[in-house]
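Have a look at the structure below before the remarks.
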């Protein structure tokens, strides 16, 4: 990805015919990709009756913010937003902390049973709430954590994949760095926190970004474990509560855009970091 | 990524201090190693291993949702599952979805990446456009396409001047879910391809250019082979994710099974049995069957990878 | 890439770090508190958590009734939550009760109560407390009350009766000459007459609109219509002891052929199968079969329409009916002010059902039904007779709105209506499914319908 940043400094090349064709093609494809969102936006600015008019038309004849204000006034969205934030922030914090510790432990320390335990973690890659949702629910039910924040947060905090990614990363960190510190009398923990962690900031950021996006957008597990609408996260609330307004498409679109907006705004500001984070985490599976 | 740059900068130091390494590591590592992994292992044991074992146990019982004591019923649940036409239907729907999505998304993501890689101006803009849908929650993406496919008022039918009952006709309902999925998730694989394309050393292209290869040849004989690994990864990730499809399918069909049950996926059927029919024991049995299938796919991939590596040597 | 963010000045970086730290700390604090943002903001003494499945016009009416309750009882904070209608609602309610996080009050279709494990997932009503708040058994139809009692205890407090109706547009029917002098649709007494009506109506319908919307691909609606017409034919399901299936495949075939004919003769367009049927009606389609809950929808769309029970095409009058009722989801420590508040709220809504009737429902509380205010409601007065000709599902654990019965048998009806299965084959499949279900054990108590039958 370092190459991604490099071309910016190159002098601009002239428009060649092939560049013109490619740019036009890119524009066309981008329009196709963005048109559903534009359609949602325009729908959300129509009145409910105009939204379902046949045949459909792009621009509202009468622009109105009623769908947006109705969504905001209902109060649910603010609740869900807070819940999404609480859950995603907690999950991300715990995952980054716990997975970096474990990744380092597996990569760089010796302890009894390390090999088999690492094998077990690798096997954990195959388990997800989609595969074992029902038993996972009964487990959480036994712990009395149905309809609680912890019930939503903790089961998302044991992603074997993130441990694996950081494990691979720590394996690549030169041992010499640590050993110089050991010779100076530093302990494992100090080495980890003062030398290794600062060095791995980009990888931690990648894991953190990826975890945050997946947690923010996670639907299946919060859907299973929360029933109380007050505790629902944004994707869950939109799907299980807001849909109950039935044919009120303008409001549904407004709510959907509101749910999607935070990450989109964040993306526009931190594009390079997010792209690198997602690519890095994805590629680590190689 | 900067991780690589950090590595390259620091690598030369390695040879000189290698000798000290083993002693220092042993001495310090043994006491603490376990504590580094302990927090993760606790969570992992509670929320991955324990549910797996519990699911296995429940699959031999008639447990219900209330958490009351269950009775051991032996292999009854498994026997019933193999005889249950809906299990096979649901498995078929998930497999059909996977079969449709994986090739489409791989090709689409590759083409998008090729496009974004070769346009010299406004790289951030293309990246933004193609990746943006992936940032939406699955449920929002599904609601959006439900609206786009809505009979009469939907944009899709209107734009193409057709009259297709996307959501209500059993031959199209799954296709609608596929289209939604392509739009929503292609951006992820697109990024992986883009990163891989940018990782191909530029001097290889220069060399090919000097040899007189045209753009088409360069793509076919240089880019494609260089992307073999990443394609394997994309396909594997997509297969595993697609088999577990749930969100889009249920939301587009208002949590129902679709016209004549045609979009009921395996995950959905498991949850229906567990949470709607309250049959936790039976749901656990089909979950275990599903786990075995997923594990088989994952292991097959590992086996393929290893074979290829060995072949490469 | 982390360093690539540019090099913000130290102050900005510290500020960001500080904000980040605050967010993390705040999130963990919030999670530790364990309550939603909303509960934190509420300061009332008694908080009654109430879950319902009312959307659209029903939702609007329910909220209006809750608001007037709040005004009369300022000490009780009612926290109402509306969830997606249908089986997701029951799933959520069951899971909350099983996880001991149930709300204080819930809404349930009466037909679902038997299967919802009364005693396990539901707590019984305190009848004395209800009486204190003005609700008495004598104010309800005995039939209805009996459906709510299991093992001698009241598990559901009926709120209404809702029926499937045939909505028609006066403007189109007038053009087609199908409107009587009283402004109501001409009566229909046989299937042939019904299709004649459709034929005439089709001629008067604008191009691009279907003649009738009847949810041809919806397993719930198709099942409800089936129940209605099957009951018109005098069909039965099981014997009294729930040991034998008495389902009549000939009668069922007749009903399935009747439903199918709407498509083969081109009156219903599968492209407008679902909710689009109502949109077509609003846009000028002459007929739609819908639940009475569509009354406020069509009212607000200013459609000139009337509504009758489903046409008695097989002679006897019957239309599918279900009831909304209030239930107390199981709480291990039920009691105290929240429980009393739940009783008070349910009693209030049941006895102030005039507003509820605006949603098209027939109030279960009979004193309301006989008020002059109710009698003046249109088109309610046109179909109020439907409550005397109710076609309901059998009282077994797997029945009830969107229950297992509907989920298993509904798709078979749909397959026949859409033509992917022959009516007689579908009828046989229905019968074999009913046989299976009758032999199946209720997962909550391990009993079959026959074994649990005595209790129910």
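A short reminder: the numbers here are calculations on the coordinates, not readings from a lab. All figures in this text were calculated on a predicted structure; none of them were measured in a lab. We place every Cβ from the backbone using ideal geometry, glycine too, and count neighbours over all the protein chains shown.
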Requested in this report: Based on other C-beta atoms within 10 Å, arrange B:266, A:81 from fewest to most.
Outcome: A:81, B:266
**Report entry** Zero-based 20 Å bins, Cα pair distances in chain B, whole percents
**Finding:** 23, 47, 27, 3
Query raised in the report: What FRET efficiency do you get for residue C:192 and residue C:355 if R0 is 51 Å and r is their Cβ-Cβ distance, rounded to the nearest 0.05?
Result: 0.80
Requested in this report: Let me see the pair-distance distribution of region B:111-198: every alpha carbon pair, 5 Å bin width, integer percents in order.
Outcome: 3, 14, 20, 18, 14, 14, 10, 5, 1
Query raised in the report: Could you give the alpha-carbon Rg of chain C over 2.2 N^0.38 Å, rounded to two decimals?
Result: 1.12
Query raised in the report: What order do you get for C:185, A:258 when you list them from fewest to most C-beta neighbours inside 10 Å?
Result: A:258, C:185
Requested in this report: Once you have the Kirkwood Rh of the protein assembly as shown from its Cα pairs, apply Stokes-Einstein at 4 °C and 1.567 mPa s and quote D in µm²/s.
Outcome: 42
Report summary line: For residue C:71 and residue C:240, extending 7 Å from Cα along the Cα-Cβ vector and measuring point to point gives, in nm, a value of 5.1
Report summary line: With the 8 Å Cα cutoff and a minimum separation of six or more residues, chain A has a relative contact order in percent of 30
Requested in this report: For residue A:25 paired with residue A:97, estimate the spin-label separation in nm (one decimal), with each label point 7 Å from Cα along the Cα-to-Cβ line.
Outcome: 5.0
Requested in this report: Using a Förster distance of 51 angstrom, determine the FRET efficiency expected from the C-beta separation of residue C:153 and residue B:57, and round it to 0.05.
Outcome: 0.90
Query raised in the report: Contour minus end-to-end for residue B:217 and residue B:205, with contour as 0.36 nm per residue of separation and end-to-end as the Cα-Cα distance?
Result: 3.3 nm
**Report entry** Alpha carbon convex hull of region A:117-207, volume per residue in cubic angstrom
**Finding:** 141
Requested in this report: Choose one answer from A:241, A:54, A:140: the residue with the largest mean-square fluctuation in a GNM of chain A with alpha-carbon springs under 10 Å.
Outcome: A:54
Report summary line: With label points set 7 Å from each Cα along the Cα-to-Cβ direction at residue B:226 and residue B:96, the distance between them in nm comes to 4.1
Requested in this report: Please determine, in degrees from 0 to 90 and to the nearest 10, the orientation of helix C:219-232 with respect to the longest principal axis defined by the Cα atoms of chain C, where the helix direction is its Cα long axis.
Outcome: 40
Requested in this report: Specify the residue with the greatest mean-square fluctuation among A:46, A:61, A:168, computed from a Gaussian network of chain A linking alpha-carbon atoms under 10 Å apart.
Outcome: A:61
Query raised in the report: For the Cα atoms of chain A, what angle does the longest principal axis make with the long axis of helix A:160-172, in degrees from 0 to 90, nearest 10?
Result: 50
Query raised in the report: What is chain C's relative contact order, in percent, from Cα pairs under 8 angstrom and six or more apart in sequence?
Result: 26
Report summary line: Here FRET efficiency (C-beta to C-beta, residue A:53 to residue C:175, R₀ 30 Å, nearest 0.05) is 0.85
Requested in this report: Please tell me the relative contact order of region A:98-215 in percent, rounded to the nearest whole number, where contacts are Cα pairs under 8 Å and at least six residues apart.
Outcome: 38
Report summary line: Listing C:262, B:203 by rising number of other beta-carbon atoms within 10 angstrom, fewest first, gives B:203, C:262
Query raised in the report: Relative to the longest principal axis of chain C, what angle (0 to 90°, nearest 10) does the C-alpha long axis of helix C:10-33 take?
Result: 60
Query raised in the report: Build a GNM of chain B with springs between Cα atoms under 10 Å: which of B:40, B:149, B:110 gets the top mean-square fluctuation?
Result: B:40
